[in-house]
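The values are calculated or read from the model by the stated rules, or taken from the named source; none is laboratory data. These numbers come from a predicted model, not from an experiment. Glycine also receives a Cβ, built like all others from the backbone with ideal geometry; neighbour counts cover every protein chain displayed.
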Amino acid sequence: MSVREHMRRLLVALLRIPLFYKILLANSLIVAIGAVGGTVLTVWHVLTYPDDFHYELIALFAVLGLALSFGVNYAVLRLALTPLSRMQAVVDGVRRGNLAVRVPIGRLDDEQFVKLIETFNQMLATMSDNTHELRRLSQRILEAQEDERQRVARELHDQSGQSLTTMLVRLRLLERSEDVAQARMHVQELRKLTAQALDEIRRIALELRPKILEDLGLCEALAWRADELNAGGGVRATLETSGMEHRLSRDLELALYRVAQEALTNVARHAQARSAQVTLRQGNGRVTLIVEDDGAGFDAESKLAHSSGLGLAGMRERLALVGGTLQVRSSPGLGTHVIASVPAVL
Ligand SMILES: Nc1ncnc2c1ncn2[C@@H]1O[C@H](COP(=O)(O)OP(=O)(O)OP(=O)(O)O)[C@@H](O)[C@H]1O
Ligand SMILES: [Mg+2]
């Protein structure tokens, strides 16, 4: 390596040292040069002109020293603070809505600024990721809302609509019937149909917003869910609770309820299980909900990674919104454990 190359490397290394040391070094050098230069000048002057003292020479030396000090400090600070102007330009870009901008790292930037720029760029990347995630989530929430509306519309049309149409037919028959016994039979039929329609509407309303959850709390609502599953006949569901003496916040109750609802729906739809157990417990500042079944199980890892449905992924997202986490432990043939854990907010 040539001497020139060595010098160049030394200069780059010097320029990259922290700003504090740059200024200290530059000023120490200026003072050292001033002191040595001043002494040399004075000795030379006294020896050359022993009888005649030239004050203007000393004044010129002082002015030159000041100018050098100013020039060196200006150059060092100017060079060292260029990363701040680059950061300012990026901040302006972000303020205009461009989250893809990053601060470039210069070859001569000192180490502290390099670290600052790297942290700043990392923060920008996280911010941009979060914004994308938020957009994706909002999109999915909108889609879920649309799906829910479609489902309710379908149920209203297929079930309640059907019952009401049949009632209309019966009413018309009743209108025409002249025989009392026949009329009574139509009325009885109508009463049955009305009760059925009422049940259906009540069920749709309950699915949409379980009143029991607001009125009686999470434990009662989960007990009702388990009863519903038991009434279906396929799976024997049980509920166990502990430490749940007080009601949780509304958001938390709703999130846990929806997670249990989806997990139980999955048990009924996919597990071919004989029994399912719902456990809700509170302790150490956390609430844990476990829905376990003894069914077919599935490859949870790959389903969670690739699932595009709103089931498992939706549970995870819903829990994340209340600061909670979701674990799914399952493998083919070994049943499934869905475990939700959230910080308890009363
Ligand atoms: N308890 C379970 N037992 C067996 N398989 C399950 C269980 N829960 C989930 N699965 C499997 O994981 C898959 C993904 O479940 P997820 O709830 O995300 O979607 P889905 O139920 O198919 O559709 P949806 O979006 O309507 O919920 C299911 O299709 C099923 O194969
Ligand atoms: Mg599902």
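Name every residue in the range 258-285 that is among the basic types (Lys, Arg) and near ligand 1 (Cβ under 8 Å from one of its atoms), in order of residue number.
Quick first cut of the range 258-285, residues among the basic types (Lys, Arg) only: 258, 269, 274, 281.
Of everything in the range 258-285, just one residue is among the basic types (Lys, Arg) and near ligand 1 (Cβ under 8 Å from one of its atoms), namely ARG269.
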Need the failing condition index for ILE17 against (1) in a helix (DSSP H, G or I); (2) under 24 Å from LEU108 (Cβ atoms), just the number. (1)
For VAL101, which of the numbered conditions (1) closer than 30 Å to ALA13 by Cα; (2) free of Cβ contacts under 8 Å to residues at least 24 places away in the same chain; (3) assigned to a helix (DSSP H, G or I) fails to hold? (3)
Only listed residue being within 12 Å of ligand 1 (Cβ to nearest atom), surrounded by 19 or more Cβ atoms within 10 Å (Cβ to Cβ) and at pLDDT below 95, chosen from GLY314, GLY297, GLY309: GLY297
Filter the range 269-294 for residues that are farther than 17 Å from ALA237 by Cβ and of a type in the set (S, T, N, Q); which is surrounded by the fewest Cβ atoms within 10 Å (Cβ to Cβ)? ASN284
Would you check if there is a residue in the range 174-186 being assigned to a helix (DSSP H, G or I), surrounded by 13 or more Cβ atoms within 10 Å (Cβ to Cβ) and in contact (Cβ under 8 Å) with a residue 24 or more places away in the chain? no
Among the residues that make up the range 259-270, is at least one of them more than 16 Å from ligand 2 (Cβ to nearest atom) and either within 29 Å of LYS211 (Cβ to Cβ) or assigned to a helix (DSSP H, G or I) (or both)? no
Counted residues, the range 305-334 - those being more than 12 Å from ligand 2 (Cβ to nearest atom) and touching a Lys or Arg at 6+ places or on another chain (Cβ under 9 Å): 6
